[in-house]
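Below: the structure, in structure tokens.
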Amino acid sequence: MSSSFQSTTPEKRVHCSAETMPDFLKKYWTQRSILFTKYKEGILMDEEGWYSVTPEDVAIHIAERCRCDIIIDAFCGVGGNAIQFAFTCHQVIAIDIDETKLMCAKHNAMIYGVADRIEFILGDYLKLIPKLKADVVFLSPPWGGPNYLSAKTFDIKTMIPMDGEKLYRESLKITNNIAYYLPRNVNIQQITNLAGRGNTCEIQEVYINGKLKTMVAYYGELVDMDFCENNA
Ligand code: ADP
């Protein structure tokens, strides 16, 4: 498989200073080194990147849990997770449908010195599935825009644009070892059911500064069975 990435995207869409940021994003400026500790070295993010990227500490933790040979970051965005996977996995396949985000991800991976362990692919993850092979798939799909918290319960089937249940089922064609990054108001029963009858799913709550931010669901061999059995 060869990378179809090309860094031809106009830089004007990539914000990297307080002055060039639109007003509605300025509140994220203070969080820049939480998102990327190497922010000052020239990290690039487009507008969505500022509110979508996984904070570095959280990405480090997920990468440790997903340690394996080949991992797919199916919706890599500006690279927060893919970069950390490159430290714990032999090879990372980082996919995104947006050329600007992929350009940022590649640039950011170079800053972290891990670009050589990441294969960047521009494309639609669902369409690429038949060609992909990996030990672990990390799913951090679109949550349908900033309104995802307005619903009491986040329904992955209807609120993830490509149907979050279908996305999980299709990913099983690659591997059972799936980590799924989801909003804090996600329907727990729904994500537990994905594991299938008789199988275990582990769900982690992610707190930042004492506030519940997101959930990560682990499936297949990513489930820490010792932890689950000791805490049952
Ligand atoms: P959010 O709702 O969390 O802001 P985004 O719309 O930013 O989510 O989507 C998350 C990432 O997934 C983005 O980087 C986006 O470009 C990417 N993406 C969306 N659809 C696909 C797809 N079908 N295949 C691969 N990447 C995709």
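What follows draws every value from the coordinates through simple rules; no lab data is involved. Just so it is clear, the structure is predicted and the values come from calculations on it, not from any experiment. Glycine gets a Cβ as well: all are built from the backbone with ideal geometry, and neighbour counts include every protein chain shown.
With respect to the chain, whose longest principal axis is taken over its alpha-carbon atoms, helix 56-65 is tilted by about 40°. Each of Tyr168, Cys89, Asn147 was scored by the projection of its Cα onto the charge dipole of the chain, and the greatest displacement toward the positive side belongs to Asn147; charges sit on the C-beta of Lys, Arg, Asp and Glu. Projecting the Cα atoms of Pro55, Ala18, Tyr39 onto the charge dipole of the chain, computed from C-beta unit charges around the Cα centre, puts Ala18 farthest toward the positive end. A cut-off of 5 Å between modelled amide H atoms, ignoring neighbours fewer than 5 places along the same chain, links Ile121 with Ala94, Ile95, Asp96. Once the Cα atoms are used to define both axes, helix 99-111 deviates from the longest principal axis of the chain by about 80 degrees. Summary value for the chain: 16 percent relative contact order, contacts being C-alpha pairs under 8 angstrom separated by 6+ residues. Note on the chain: GNM, Cα springs under 10 Å; of Ala59, Ala134, Ala105, the largest mean-square fluctuation is that of Ala134. For segment 15-122, applying the loop criterion from DSSP together with a ceiling of 16 other beta carbons within 10 Å to the GluC sites (Glu not before Pro) yields Glu19. Classified by the C-alpha gyration tensor, the chain has a prolate form. Its axis ratio a/c, with a ≥ b ≥ c, is 1.5 or above, and a/b is larger than b/c. If you sort the three axes of the alpha carbon gyration tensor as a ≥ b ≥ c, you get a/c of 1.5 or more for segment 66-135 and a/b no higher than b/c, which makes it oblate.
Proximity of backbone amide H atoms, modeled 1.01 Å from N, is registered between Met45 and His15 at under 5 Å, excluding neighbours fewer than 5 places apart on the same chain.
Cross-link pairs exceeding 21 Å in C-alpha to C-alpha distance, out of Lys38/Lys211; Lys131/Lys173; Lys133/Lys166; Lys40/Lys101; Lys27/Lys157; Lys106/Lys173, comprise Lys38/Lys211; Lys27/Lys157; Lys106/Lys173. Given only helices, namely DSSP H runs of n ≥ 4 each adding -39500 (n - 2.57), what is the per-residue ellipticity at 222 nm of the chain, to the nearest 500 deg cm²/dmol? Computed mean residue ellipticity for the chain: -8000 deg cm²/dmol.
Assuming charge only on the beta carbon of Lys and Arg (+1) and of Asp and Glu (-1), the dipole of the chain about its Cα centre is about 340 debye to the nearest 20. GNM on the chain, alpha-carbon springs under 10 angstrom: the most fluctuating residue among Asp73, Asp124, Asp23 is Asp23.
Residue by residue, segment 166-183 carries 3J(HN,Hα) couplings of 4, 4, 5, 4, 5, 5, 4, 5, 8, 6, 7, 8, 10, 10, 10, 9, 9, x Hz when phi is fed to the Karplus relation 6.51 cos²θ - 1.76 cosθ + 1.60 (θ = phi - 60°); x denotes Gly or Pro.
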